[in-house]
Amino acid sequence: VVASLRPVTPLGRNSAIIRGLLMRVTKLLRLTLRELTAKECFQLLSVQRAILETFGTLKYLVDDDGSGERFDQYVMNSLVAERELLQDIAENISQRDGSVLHIEERMRRSIETTAGAAGIADVAALPGRSKIRWPSAETRIKLLGPNAYLAYRMGSVEVHGDWTDLFRNHLYYDGKEFSPKPEEVHIRPQVSLTPAVLVTDFVVAHTDALIEQSAAANLRGRLEGVRERATRVTSLHEVFLARQTAK
């Protein structure tokens, strides 16, 4: 899949966004593999959350009606934070004697370069988020299916360090007393199987929009094989858990 992302012909902005998002997912999956190998898995639900949101964005974009409006929304919404940063920089400069720090100049140049590559000439002129009408993460992720948002919400406990994260991953509790848990977290199959099924499902369903056509036929069958194996392992694991519970 990664090899098929290299374009035969130059990419326009919208196609580049699609390929860039899939490249992002590839790196998140690679991070998942590294963490599984190292048995450092307490943040993998938050990585899965990032994968889900990226695919929610991809789904919203590949379903664009051809007008490119959704891609414009994506770019403008992405640059709102840069617009606000420019405002903060300008305010800091005005509160001094008007002098500009080197780091501020570098930040402004970086913002201009990033925006210019996306076709935005003036970041300061961008509208607010409500006028851009970019859908929420919840709306985008629910495009992936009825259970996708539930999985996304589960990752929030690791992102924020909620009590569930502490109790599950970082504390021992014997029913009466607590103590810190320095050891690695128990590996749960779902943190690798869920992304495997999601990624293969999505890429197979949207091959034409995501990868070079010369690789599509070969990759589609291989991805379907991964999906089938991941789905089978998931089913077997559920049977195993049911038997353990019955005991």
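The values are calculated or read from the model by the stated rules, or taken from the named source; none is laboratory data. Bear in mind that the values here come from a model prediction, so they are computed numbers and not experimental data. All Cβ positions, glycine included, derive from the backbone under ideal geometry; neighbour counts span all protein chains shown. In case anyone asks, the SASA skips ligands and DNA or RNA and just uses the protein heavy atoms, side chains included. Shrake-Rupley method; radii C 1.70, N 1.55, O 1.52, S 1.80 Å.
I'd like the residue in the range 2-46 that is under 16 Å from the mean Cα position of the chain (by Cα) and of a type in the set (D, E, K, R) and, out of all such residues, is most open to solvent (accessible area, probe 1.4 Å).
Result: 30.
Mind telling me which of the residues 82, 53, 69, 35 ends up being among the charged types (D, E, K, R) and either in contact with a Ser or Thr (Cβ under 6 Å, 6 or more places away or on another chain) or within 20 Å of residue 188 (Cα to Cα) (or both)?
35
State all residues of the range 102-152 that are open to solvent by 80 Å² or more (accessible area, probe 1.4 Å), assigned to a loop (DSSP other than H, G, I, E, B) and farther than 22 Å from residue 52 by Cα; if no residue qualifies, say none.
If the condition is that a residue be open to solvent by 80 Å² or more (accessible area, probe 1.4 Å), assigned to a loop (DSSP other than H, G, I, E, B) and farther than 22 Å from residue 52 by Cα, then 121, 122 are the ones that fit.
Of all residues in the range 169-206, which are free of Cβ contacts under 8 Å to residues at least 24 places away in the same chain and hydrophobic (A, V, I, L, M, F, W, C)?
Once the filter is applied, which keeps residues that are free of Cβ contacts under 8 Å to residues at least 24 places away in the same chain and hydrophobic (A, V, I, L, M, F, W, C), the range 169-206 yields 171, 178, 204, 205.
Among the numbered criteria (1) touching a helix residue (DSSP H, G or I) at 6+ places or on another chain (Cβ under 9 Å); (2) in a helix (DSSP H, G or I), which single criterion is violated by residue 235?
Against the list (1) touching a helix residue (DSSP H, G or I) at 6+ places or on another chain (Cβ under 9 Å); (2) in a helix (DSSP H, G or I), residue 235 comes up short only on (1).
Return the residues of the range 209-233 that are open to solvent by 50 Å² or more (accessible area, probe 1.4 Å) and more than 14 Å from residue 5 (Cβ to Cβ); say none if nothing qualifies.
217, 218, 220, 222, 224, 226, 227, 228, 229, 231, 232, 233
Results for (1) under 17 Å from residue 210 (Cα atoms); (2) without any contact (Cβ under 8 Å) to a residue 24 or more places away in the chain, shown as yes or no for each residue.
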site: 1; (1), (2): yes, no
site: 7; (1), (2): yes, no
site: 10; (1), (2): yes, yes
site: 22; (1), (2): yes, no
site: 31; (1), (2): no, yes
site: 40; (1), (2): no, no
site: 57; (1), (2): yes, no
site: 61; (1), (2): yes, no
site: 67; (1), (2): no, yes
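Mind checking which pairs have a first residue in the range 221-245 that is within 17 Å of residue 201 (Cα to Cα) and a second that is polar (S, T, N, Q), Cβ under 6 Å, 6 or more apart or different chains?
223/200; 226/200; 227/200
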